[in-house]
Amino acid sequence: MEPDSNYKYGIKSTFSQCLALVGAGFLQVGVGTQLICSTVIIGALLDHSNENERLTMTIEQMSWFGSLLYLCTPLGSVFSSLVLDRLGHKNCMIITNIPYLVSQIIFFYAENVETMYVCSIMMGLGVGFSGGPFSAYLGEVCEPKLRGALMSATNVFFFSGSLLLTTIYAITRQWRLTVLANMAIPIITIVILCMSPDSPMWLLSKGKTEKAQRTLSKLRGWVTHDKCSNEFHEMVVFMSANKNSSNDKNGKNNSDSSWKQLMQPDVLRPFRLLLIYFFFSNLLSGVPFGPYLVEVFLTFGANVDAQWTVAFSLCISIVGGILTIFLVNRLGKRFLTLTTLSISSICYISIGLIGIYWTDSNQIKSWLLLIFFFISTLVASFGIMPIGWILLSEIFPMKSRNITCSISSTLSFILSFFMTKYYPNVVYLVDFYNTFTIFGFGGLIGCVYFYFCLPETENKTLQEISEFFK
């Protein structure tokens, strides 16, 4: 039986899937606020106008505070991979909000750097725990033609969370009050997730066939079982094939866990591709200087308020996220990757060359630097930044999807840790503007690699994508 990539359920199916993903979307709002939290706090501590602030940090302490979140995500991801099969995607996404909520409470009362480190570690654990369940859930709940668009929509939630936190701070100029207001996000997320359905794939893996079929019927617009019987049959065949691939001819399990399956070609090939994708995506989407964004804007020298400029850059990212929803299905992930990575690279090179060779310090130069930065932010937010996470949800075979999603998101955050932690050192060694130039030329190398190695996965079923990598 040939897989059908377009099951033609209608608008009710789209609405039902959007409704089911609201909880996952709010989870991304929380991730967005957590990842921008260090940017807000470091920017606030660099602003010495608040005489009542009793907390101070050195540059070295700021680099650790801004990067510890990324370093600790592996622990959260490892723990997530151990319990994901048992608890399911939905319950794991609920659990991830607990360290998030506790960290915001501790932030509010923090009086020393060590306490700030603890909060960053807790947020890292929560973010790491959420990566695998979130990506696997979206990949299994969405039908193929909507997977890319709905995954992109959650990227809008991510940027909205970051924008929310920066806007609150830009208005209040009190970072403690900002994190106090932020406590509402994990509470709302838990409530919504409690009402969300489990993944039909996960229910099938637990032998709950009837519940899986009922859930799929609801996710496809509350249709009859007959209407979604073809898709459900493909799920059953897909699950059986992956189950048999990990057993020998006598029915015995060849491996004690999914970990040993990582070296199989149909797992290793997409795993290697995704790791390289995350490297170039992080490099060209502003991750290295994320916590230092206020300082970056001050260095550009434009006559603007740095805090509101951060908020504006996040507004641009939201626009990019919305563009992804409408463009990814029409243009495909491969085309968007090559186009946006190329443009971002050129913008970074332009910033570097202007900063180095335009020696006159004036507002025209400053605004040019800012405009190129905003262009790179826009194109990265509707291309290389969200597409990596879309690929994460769809390119791995079912037999190892939970563990590979967790490991891949973990390695992405480890890359983010090194890029963030040692960004000040790189700037010290090669100069601020040379850093942009180096990143830009690195991005062009990435374009060459993806031209030859990145397949198109848009409008492909999970089974078709899995067959490509075998």
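Can you tell me, using C-alpha contacts under 8 Å and at least 6 residues apart, the relative contact order of the chain as a whole percent? Working shown, then result.
On the way: 746 pairs, mean separation 124.0, N = 470.
Taking the mean separation of contacting Cα pairs over the length of the chain, I get 26 percent.
Shape class of region 400-447 from the Cα gyration tensor (axes a ≥ b ≥ c, square roots of the eigenvalues): oblate, since a/c reaches 1.5 or more and a/b does not exceed b/c.
Packing, as the average of other Cβ atoms within 10 Å across residues, places the peptides 19-25, 385-391, 375-381 in the order 385-391, 375-381, 19-25, highest first. Residues within the reach of a label modelled at Q363 (point 7 angstrom out along Cα to beta-carbon, backbone nitrogen below 19 Å), restricted to region 303-327, are 303-310. All other residues whose Cβ lies under 15 angstrom from that of Y433 are scored, Lys and Arg at +1 and Asp and Glu at -1, for a net of -2.
Annotation for region 34-79: GluC sites (Glu not before Pro) lying in DSSP loop with at most 14 further Cβ atoms inside 10 Å of their Cβ are E51, E53.
The listed peptides 133-140, 323-330, 115-122, ordered by packing as a protection proxy, come out as 133-140, 115-122, 323-330 (highest mean of other Cβ atoms within 10 Å first). Can you tell me the orientation of helix 265-284 relative to the chain, as the angle in degrees between its alpha-carbon axis and the longest Cα principal axis, to the nearest 10? Tilt of helix 265-284: around 20 degrees. Annotation: per residue accessible area for the chain equals 41 Å², rounded to a whole number [probe 1.4 Å, protein chains only].
Kindly state, to the nearest 0.05, the FRET efficiency for N230 paired with R330, given R0 = 30 Å and r defined as their beta-carbon distance. Display every interim value, and only then the final one.
Details: r = 25 Å, r/R0 = 0.85.
Here the calculated transfer efficiency is 0.75.
How much of the accessible area of the chain, probe 1.4 Å, is carbon plus sulfur, in whole percent? It would help to have the intermediate numbers written out before the result.
Values: 12550 of 19260 Å².
Carbon-and-sulfur percentage of accessible area, whole number: 65.
To the nearest ten degrees, helix 11-20 and the longest principal axis of the Cα atoms of the chain are 60 degrees apart. In region 23-103, which trypsin sites (Lys or Arg not before Pro) fall in coil by DSSP and have 14 or fewer other Cβ atoms within 10 Å? Answer in residue order: R54. Checking the Cα-Cα distances for K145/K218; K12/K145; K218/K333; K90/K208 against a 20 Å cut-off, the pairs over it are K218/K333.
The values are calculated or read from the model by the stated rules, or taken from the named source; none is laboratory data. In this text the structure is predicted, and so the values were computed from the model without any measurement. Every residue, glycine among them, receives a Cβ derived from its backbone with ideal geometry; neighbour counts consider all protein chains shown. Heavy atoms of the whole protein, side chains included, go into the accessibility calculation; ligands, DNA and RNA do not. Shrake-Rupley method; radii C 1.70, N 1.55, O 1.52, S 1.80 Å.
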